[in-house]
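Peer 1: First, the structure itself, so that you have it in front of you.
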Amino acid sequence: MRLGFLICFLCSAFLSAAEKKIETIAGNGKAGYAADQVSNPYGIAIGPDGALYICEIDNHVVRRLDLKSGKLSTVAGNARKGYSGDGGPATAASLNEPYEVRFDKAGHMFFVEMKNHVVRRVDAKTGIISTVAGTGQAGFAGDGGPAKAALLNQPHSIQFDPAGNLLICDIQNNRIRVVDMKTGMIMTWAGTGEKKPTPDGAPLQGTPLWGPRALDFDAKGNAYLALREGNKVFRIDMTARKLVHLAGTGEKGYAVGPEPAKSAKLSGPKGISWSKDGGVYLADTESHTIRRVDLKSGMIETVAGTGAPGDGPETSPLECKMKRPHGVFVDKKGVVYIGDSEANRVRRLR
């Protein structure tokens, strides 16, 4: 019975991958800041206007891609590395390596700047930029006080929980911090600061998180967490407040799959996106692939990439080489967007 199930799963996975199409929707493969170029795209997200927003760390900007016209425009950053501009137009501000972009329920844009150790906000109506967490200095301090006065250390990813609180993957502090957006106060949400393995079934509080790199929530409010150094993925059961192991043995490696997710090796996952199709998609950066964990079967498979670095060809998803993808975002229709970082492209899988 188990063998029959596995054969059916393998066949369906092969057919679904073969049926899908991969294509470049931004960038020409050359780093730059022209109308047809992107430079090291990382985090990506669909905004409330239906456009795709892209963090470009080498250009130090956040750009907007109109998915109907294909036109790129800059919505934050002046393309000069630095930390300035709060209180003025976002397009006049200096940024330093924006890593991930998200939107709150009111449509305001938030993004994290890893090298500035801050999270910033762009007002949806005025386009004015401000800092909501971090001082610009690296460190760990400020829990229980205003987020603007707190110290972060190389924050990588952000996401809003169902209550509207802002969660920050504070990677060098091996913690997830949370900002109460009503009070502006910051606390540690998970992690102890220790570089130790995360046990399966452990309580959320008081358990180490080794390299919390990317975070997303499902429709029920449960969280999914990718640990880059830990090479694992956990589901955070918000009712029981515990960590449930989903994928990765902790050992670095890669196989195309499908294979049981818990016994699979991961290779530095740095992006994660929950999907309504019952899967969790990973930007498995150091295997140069996008992988999908099926939450029903517990299997993991590659949906794009070959496991080797490169750039295309876009003949099929499993023949298309990528180079250190960091960003992955699945929209409501199941379309997968990929920040193919060092290939200097944004790709779409559908």
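Peer 1: Each label point is 7 Å from the Cα along the Cα-to-Cβ direction; what then is the distance between the points at Asp161 and Arg350, in nm?
Peer 2: Modelled inter-label distance: 3.4 nm.
Peer 1: So what is the 222 nm mean residue ellipticity for the chain from helices alone, if each DSSP H run of at least 4 adds -39500 (n - 2.57) and you divide by all residues, rounding to the nearest 500 deg cm²/dmol?
Peer 2: Rounded to the nearest 500, it is -1500 deg cm²/dmol.
Peer 1: What number, in percent, do you get for the relative contact order of segment 196-350 if the mean sequence gap of Cα pairs under 8 Å and at least 6 apart is divided by its residue count?
Peer 2: Normalised by residue count, the contact order of segment 196-350 is 15 percent.
Peer 1: Within segment 109-126, which residues have the backbone N less than 20 Å from the label spot 7 Å out from Asp49 along Cα→beta-carbon, could you tell me?
Peer 2: 109-112, 120-126
Peer 1: For the chain, with a Gaussian network of springs between Cα atoms less than 10 Å apart, report the residue from Tyr281, Tyr254, Tyr42 with the top mean-square fluctuation.
Peer 2: Looking only at Tyr281, Tyr254, Tyr42, the biggest GNM fluctuation is shown by Tyr254.
Peer 1: Calculate what fraction, in whole %, of the accessible area of the chain sits on carbon and sulfur atoms when a 1.4 Å probe is rolled over the protein chains.
Peer 2: Here carbon and sulfur together make up 53 percent of the probe-accessible area.
Peer 1: Another question, then. Sticking with the crude label model, points 7 Å out along Cα→Cβ, report the distance from Met238 to Asp277 in nm, one decimal please.
Peer 2: Taking the simple label geometry, Met238 and Asp277 are separated by 2.4 nm.
Peer 1: Cα to Cα, under 13 Å, and not fewer than 8 places away if on the same chain: which aspartates and glutamates meet these conditions relative to Lys323?
Peer 2: Lys323 reaches Asp284, Glu286, Asp311, Asp340, Glu342.
Peer 1: Another question, if that's okay. Tell me, what HN-Hα J-couplings in whole Hz come from the Karplus equation 6.51 cos²θ - 1.76 cosθ + 1.60 at θ = phi - 60° for each residue of segment 129-138, using x for Gly and Pro?
Peer 2: Per-residue couplings from phi come out as 9, 8, 9, 10, 8, x, 10, x, 10, 7 Hz.
Peer 1: Sequence-distant or interchain residues sharing an amide H contact under 5 Å with Asp200, placed H: which?
Peer 2: Result for Asp200 returns nothing.
Peer 1: Using a 1.4 Å probe, how large is the accessible area of Met238, given in Å² and rounded to the nearest 10?
Peer 2: The value for Met238 is about 50 Å².
Peer 1: Pop the C-beta distance of Lys20 and Thr183 into the FRET formula with R0 = 51 Å and round what comes out to the nearest 0.05.
Peer 2: 0.70
Peer 1: With a sphere of radius 9 Å drawn around the Cβ of Tyr254, what net charge do the other residues whose Cβ falls strictly inside it have (Lys, Arg +1; Asp, Glu -1)?
Peer 2: On the way: positive: Lys252, Lys265, Arg291; negative: Asp284, Glu286.
Charge balance near Tyr254 sits at +1.
Peer 1: Now for a separate question. Given a 1.4 Å probe, how much area per residue of the chain is accessible, in Å²? Could the numbers behind the result be given before it?
Peer 2: Working: 14080 Å² over 350 residues.
Heavy-atom SASA per residue in the chain reads 40 Å².
Peer 1: Still on this structure, I have one more. Could you tell me the calculated FRET efficiency between Ala149 and Gln205, based on Cβ-Cβ distance and R0 = 35 angstrom, to the nearest 0.05?
Peer 2: 0.90
Peer 1: Suppose we keep just the alpha-carbon trace of the chain; what are its Rg and Dmax in angstrom?
Peer 2: Over the chain's Cα set, Rg and Dmax evaluate to 19.1, 64 Å.
Peer 1: What's the extension gain from Ala138 to Asn28 if we count 0.36 nm per residue and subtract their Cα-Cα distance?
Peer 2: That pair, Ala138 and Asn28, stretches by 36.1 nm at full extension.
Peer 1: Further question: Over the chain, with a Gaussian network built from C-alpha contacts below 10 Å, which listed residue (Lys252, Lys276, Lys125) shows the highest mean-square fluctuation?
Peer 2: Sorting by GNM fluctuation, first place goes to Lys125.
Peer 1: Moving on to the next point. Measuring from the lowest to the highest alpha carbon on each principal axis, how far does segment 74-185 reach, largest first, in angstroms?
Peer 2: 32, 28, 20 Å, listed from the longest principal axis down.
Peer 1: Defining a contact as two alpha carbons under 8 Å apart and six or more residues distant in sequence, what relative contact order in percent does the chain show?
Peer 2: Computed value for the chain: 14 percent relative contact order.
Peer 1: Cut-off under 13 Å on the C-alpha distance; same-chain residues fewer than 8 positions from Lys21 excluded. Which aspartates and glutamates are left, in chain and number order?
Peer 2: Straight-distance partners of Lys21: Glu314, Glu319.
Peer 1: Mind pulling the per residue volume of the convex hull built on the Cα atoms of segment 22-113? Å³ is fine.
Peer 2: 95 Å³
The values are calculated or read from the model by the stated rules, or taken from the named source; none is laboratory data. What you see is a predicted model, and the numbers here were worked out from it, not measured in a lab. Glycine also receives a Cβ, built like all others from the backbone with ideal geometry; neighbour counts cover every protein chain displayed. Accessible surface is based on the protein model in full, side chains and every heavy atom, while ligands, DNA and RNA are left aside. Shrake-Rupley method; radii C 1.70, N 1.55, O 1.52, S 1.80 Å.
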